[in-house]
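As structure tokens, the structure follows; a few thoughts come after it.
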Amino acid sequence: MRWNAFDTPVHDSQRVYRQLLSAMAEPGTFAEVGGAPLPPSGAAIGTACWATLLTLCDLDTRVWLAPELDAAGINEALAFHTGARQAERPDEADFALVTPATLAGQGEAEPPAFQEGSDTYPDRSTTLVVMLDRLDTAGPWALSGPGIPGQRRLGVGQGGEALMTRLAANRARFPRGLDAILTCGTRLAAVPRSTRITRSASEEVDTCMSP
């Protein structure tokens, strides 16, 4: 099954990279990824997710895929287009492609353990690339901290409890922790480890639903 890459790799990857940097600098804001290649019909990920992987992965990165997202030959496509290597274990990965269900654990299995860096080298941690069925400002999660004037709201769809609880735990381990890039369809947002996550009442403002 064919996975297409960017039409103009340098220009397109730079554009998406700027969007990712902006999302990390302003947690909870949304970017629409336009002009990115569509994953094949049998894929379990969306356009923004594929564009993120094409932009961030290279010969020096190791990627771990949650079993539920390992479809349509994505591992082979990543290796072909980026040169990224497959990580055999979650704690070996520079990037991990996951869903909220992954972080809740599957059946009797424990949730995967990712590398969270150290106090001396906090950058040696896994960045989560999360595939969501919904990403919007309607939900029980309130974000505050660096890059957020006051507070921003975030809704992450089904299974969001496991995802946001995992990210909220970053505060107790800072500067260690997990950074997360959230994707849904053509939309992306980010929640870096410096973000404080609490619950609030839900109010729908802006919604993206994946197909």
Quiz prompt | Surrounding net charge for L78, when Lys and Arg each add one and Asp and Glu each subtract one, Cβ distance under 13 Å | solution = -2
Self-check item: Overall Cα dimensions of the chain - principal axes, largest extent first, Å
Solution: 43, 35, 34
Quiz prompt | Whole-percent carbon and sulfur share, accessible surface of the chain, 1.4 Å | solution = 51 percent
Quiz item: Which sequence of E76, E32 reflects their accessible areas, 1.4 Å probe, from the largest down?
Solution: E76, E32
Quiz prompt | For the chain: relative contact order, % (alpha-carbon pairs under 8 angstrom, 6 or more apart) | solution = 23 percent
Quiz item: Given a 1.4 Å probe, how much area per residue of the chain is accessible, in Å²?
Solution: 47 Å²
Quiz item: Among 36-46, 144-154, what's the highest-first ranking by average C-beta atoms within 10 angstrom per residue?
Solution: 36-46, 144-154
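The values are calculated or read from the model by the stated rules, or taken from the named source; none is laboratory data. Because the structure is a prediction, the values reported are computed rather than measured. Note that each Cβ is placed from the backbone with ideal geometry, even for glycine, and that neighbours are counted across all protein chains shown. For the accessible areas, the whole protein counts, side chains as well, though only heavy atoms, and no ligand, DNA or RNA atoms are used. Shrake-Rupley method; radii C 1.70, N 1.55, O 1.52, S 1.80 Å.
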